[in-house]
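The values are calculated or read from the model by the stated rules, or taken from the named source; none is laboratory data. This is a predicted model, so every value here is computed, not measured. As a convention, Cβ positions derive from the backbone with ideal geometry for all residues, glycine included, and neighbour counts pool all protein chains shown.
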Amino acid sequence: EKGGYDYFMLKEIAEQPKAVADTLLGRIDLAGNLCLDEVRIPASVLREVSKVVIVACGTAYHAGMIAKYAIEHWTRIPCETELASEFRYRDPILDQRTLVIAISQSGETMDTLMALRHAREQGAKVLAICNTNGSTIPRESDAVLYTHAGPEVAVASTKAFLTQLVACYLVALYLGQVRGTKWGDEILSVIRELSEIATQVEEVLETMEPVRELARTLADKNTVLFLGRHVGFPVALEGALKLKELAYMHAEGFAAGELKHGPIALIEQDVPVVVVVPSPRGRSVLHDKIVSNIQEIRARGARTIVIAERGDETVAPYADHLIEIPATPTLLQPLVATVPLQVFACELATARGNEVDQPRNLAKSVTVE
Ligand code: M6R
């Protein structure tokens, strides 16, 4: 049932283009119309939403962090993303005009369930983004948008994450649509690129051999650091989480702008640092800032592993290892930038002799608080 792969995780990584395409199917057209009738929160309620709060854990939380960038940029509705386990204990401000989005692959994560129960008690509307039909979280929510990743067996979440991102983008665009936002050319072209993004995920998968080779050479390292900015920051956190849970290595993700506020002290000779570089188009100020971060850490001896858009000439001179990804609109980049990090962590785990599908101390769904 592993379909010829050694591990479920490898199978699930390979299934990502299909999972992404299936999650988009029938929900968006090229003219930019969103068809999410299945989301049974009336348009009149969505038009009144004054704040969006996203709650989730682990990898789903990283998807939620990225969703915040998309929701605020596309809809101008204030959005915050919070770890579900922290949410209800700080008495968050919620009312009937708050839309809470609970993201969960399994639909059974207790922390997320308790957060959504708290939100509903306070009168907020809850939309679940979930991969498991009929599970508890969607059953207890006002509405659900299912991701169509298919069953995810490996403990480390891969295809569910990519489809959670797709679902978040769809919800953001849908919110804009029901609220009558007039899409400019920028968003229309993002919508077009989103509907074709599965091809780009496929392209990334076809170029992963050098990433696997690189991972094998790092099997005896103790630490790997990850840097990103904007939506690349949650991608860095996700890369670090994958490495912790699979390779049992010390891995940390940072917002690149924070380097100078402390983490740069961790840089020493030969420490591998993975840097997710934003597109040189779009938010080019951030691009230039991250290029100087790469120069700074390299000058201090770091071994730089740079994930950058194909054809980005400016980073190449500072990259000890360059991993090229296809050009995408800034907000969609996590869909392609995360894939090499999944492959990297999986290969490192294998090289270290770890059990890939069932890492120590972890369970696929965490049904205790
Ligand atoms: O089923 P959920 O999406 O609610 O699970 C949330 C986390 O437990 C999960 O994403 C966890 O972080 C993964 N093992 C990460 O790969």
Can you spot a residue in region 116-123 that is crowded, with 24+ Cβ neighbours inside 10 Å and either within 14 Å of the ligand (Cβ to nearest atom) or closer than 19 Å to V49 by Cβ (or both)? yes
Taking the residues in region 131-154 that are among the acidic types (D, E) and away from the ligand (no atom under 12 Å from the Cβ) as candidates, determine which candidate is surrounded by the most Cβ atoms within 10 Å (Cβ to Cβ). D142
Scan region 255-283 residue by residue and report those that are over 19 Å from I323 (Cα atoms) and not in a loop (DSSP other than H, G, I, E, B). A255, G257, E258, L259, K260, H261, P263, I264, A265, L266
Name the one entry in T181, T223 that is of a type outside the set (D, E) and more than 25 Å from N354 (Cβ to Cβ). T181
What number of residues within region 164-187 satisfy the criterion of being within 13 Å of the ligand (Cβ to nearest atom) and farther than 16 Å from L34 by Cβ? 1
Go through (1) in a strand (DSSP E or B); (2) under 22 Å from P329 (Cβ atoms); (3) over 19 Å from the mean Cα position of the chain (by Cα) and name the single condition K289 misses. (1)
Need pairs with beta-carbon distance below 7 Å; first residue under 16 Å from F233 (Cα atoms) and within region 51-77, second more than 16 Å from the ligand (Cβ to nearest atom) and not in a loop (DSSP other than H, G, I, E, B); sequence gap 6+ or separate chains. A67/A172; K68/C79; K68/E80; Y69/L331; A70/Y169; A70/A172; A70/L331
Exactly one condition in (1) touching a residue at least 60 places away in the same chain (Cβ under 8 Å); (2) surrounded by 15 or more Cβ atoms within 10 Å (Cβ to Cβ) is not met by V277; state its number. (1)
Given the criteria away from the ligand (no atom under 16 Å from the Cβ), within 23 Å of the chain's Cα centre (by Cα) and surrounded by fewer than 16 Cβ atoms within 10 Å (Cβ to Cβ), does P42 qualify? no
Within region 155-175, can you find the residues that are assigned to a loop (DSSP other than H, G, I, E, B) and either surrounded by 24 or more Cβ atoms within 10 Å (Cβ to Cβ) or of a type in the set (D, E) (or both)? A156, S157, T158
G253 - would you say it is in contact (Cβ under 8 Å) with a residue 40 or more places away in the chain and touching a strand residue (DSSP E or B) at 6+ places or on another chain (Cβ under 6 Å)? no
Name the residue that is surrounded by the fewest Cβ atoms within 10 Å (Cβ to Cβ), counting only residues in region 58-77 that are closer than 14 Å to V100 by Cα and not aliphatic (A, V, I, L, M). K68
Where residues in region 245-270 are surrounded by fewer than 16 Cβ atoms within 10 Å (Cβ to Cβ) and of a type in the set (D, E, K, R), which of them is nearest to the ligand (Cβ to nearest atom)? E258
Would you call L218 of a type in the set (A, V, I, L, M, F, W, C), under 20 Å from the mean Cα position of the chain (by Cα) and either within 16 Å of the ligand (Cβ to nearest atom) or more than 20 Å from I54 (Cβ to Cβ) (or both)? no
Could you please find all residues in region 124-140 being of a type in the set (S, T, Y) and farther than 23 Å from P92 by Cβ? T132, S135
Which residues, counting only those in region 328-362, are surrounded by fewer than 20 Cβ atoms within 10 Å (Cβ to Cβ) and at pLDDT 95 or above? A351, R352, G353, N354
Within 21 Å of L116 (Cβ to Cβ) and either more than 18 Å from the chain's Cα centre (by Cα) or touching a residue at least 12 places away in the same chain (Cβ under 8 Å) (or both): which single residue out of G134, G176 fits that description? G134
So E48 ticks every box in (1) in contact (Cβ under 8 Å) with a residue 40 or more places away in the chain; (2) under 23 Å from A337 (Cβ atoms); (3) away from the ligand (no atom under 16 Å from the Cβ) but one. Which box is left unticked? (2)
Is it true that some residue in region 338-357 is in a loop (DSSP other than H, G, I, E, B) and in contact with a strand residue (DSSP E or B) (Cβ under 7 Å, 6 or more places away or on another chain)? no
Flag for K68 being at pLDDT 95 or above, touching a Phe, Trp or Tyr at 6+ places or on another chain (Cβ under 9 Å) and more than 14 Å from the ligand (Cβ to nearest atom): no
